[in-house]
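The values are calculated or read from the model by the stated rules, or taken from the named source; none is laboratory data. Quick caveat, the model's predicted, so the values are computed rather than measured. Every residue, glycine as well, gets a Cβ built from its backbone with ideal geometry; the counts of neighbours run over all protein chains shown. Quick note on the areas: whole protein, heavy atoms, side chains included, nothing else; ligands and nucleic acids left out. Shrake-Rupley method; radii C 1.70, N 1.55, O 1.52, S 1.80 Å.
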Amino acid sequence: MARQWLIPILILIGVYVFSQHSLKGGPEVSVHDAANLLKSVPRPVVVDLRDRTEFEQGHISGALSVPGAEFKERLEDLKLPKVEVVILYDTDDAHAREATKLMYESGYQGALTLKGGLDAWRASGNGVVKPLPLKP
């Protein structure tokens, strides 16, 4: 059981060390590392910052939809964990960097930007899901 925590902890340590030396917009996580984190227990929270129309066209499985324009105002209402991993993404990562930096400065120690955003996620062969249509 202790082994399932080892990989996510090592990934977080690596991301933290890297981010402290070279990033302007808060810590980042590569697509490969994010995919591994999403297989771990506990599973990180994933936040999609694109608008709702883009979200409905396809998003990372389990992602919350919080459009970037609403993120700052909704941050506290979201009740995201301050010490667990939260992965934020948009199409290419520009808005996610700002949101990650805001979270990090607000005490969210596990906030990470998905490097390259959903474009990089898809380019790496990772799938997306679409919401199920509502039945009348």
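Quick notes on this one:
- In the condition set (1) under 25 Å from residue 42 (Cβ atoms); (2) in contact with a helix residue (DSSP H, G or I) (Cβ under 8 Å, 6 or more places away or on another chain); (3) crowded, with 16+ Cβ neighbours inside 10 Å, residue 68 is compliant with all but (1).
- Number of positions in the range 32-58 that are in contact with a His (Cβ under 7 Å, 6 or more places away or on another chain) and either over 19 Å from residue 124 (Cβ atoms) or free of Cβ contacts under 8 Å to residues at least 60 places away in the same chain (or both): 1
So that you can scan it fast, the table gives a plain yes or no per residue for (1) modelled with pLDDT under 95; (2) open to solvent by 10 Å² or more (accessible area, probe 1.4 Å); (3) touching a Lys or Arg at 6+ places or on another chain (Cβ under 8 Å):
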residue	(1), (2), (3)
84	yes, yes, no
93	yes, yes, yes
98	yes, yes, no
104	yes, yes, no
108	yes, no, yes
131	yes, yes, no
134	yes, yes, no
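- Selected residue (only one of 43, 3, 50 is at pLDDT below 95, among the charged types (D, E, K, R) and surrounded by 13 or more Cβ atoms within 10 Å (Cβ to Cβ)): 43
- Selection status of residue 102, over 19 Å from residue 28 (Cα atoms) and out of contact with any helix residue (DSSP H, G or I) (no Cβ under 6 Å at 6 or more places or on another chain): no
- The residues on offer are 94, 69, 99, 123, and the sole one that is of a type in the set (Gly, Ala, Ser) and under 11 Å from the mean Cα position of the chain (by Cα) is 99.
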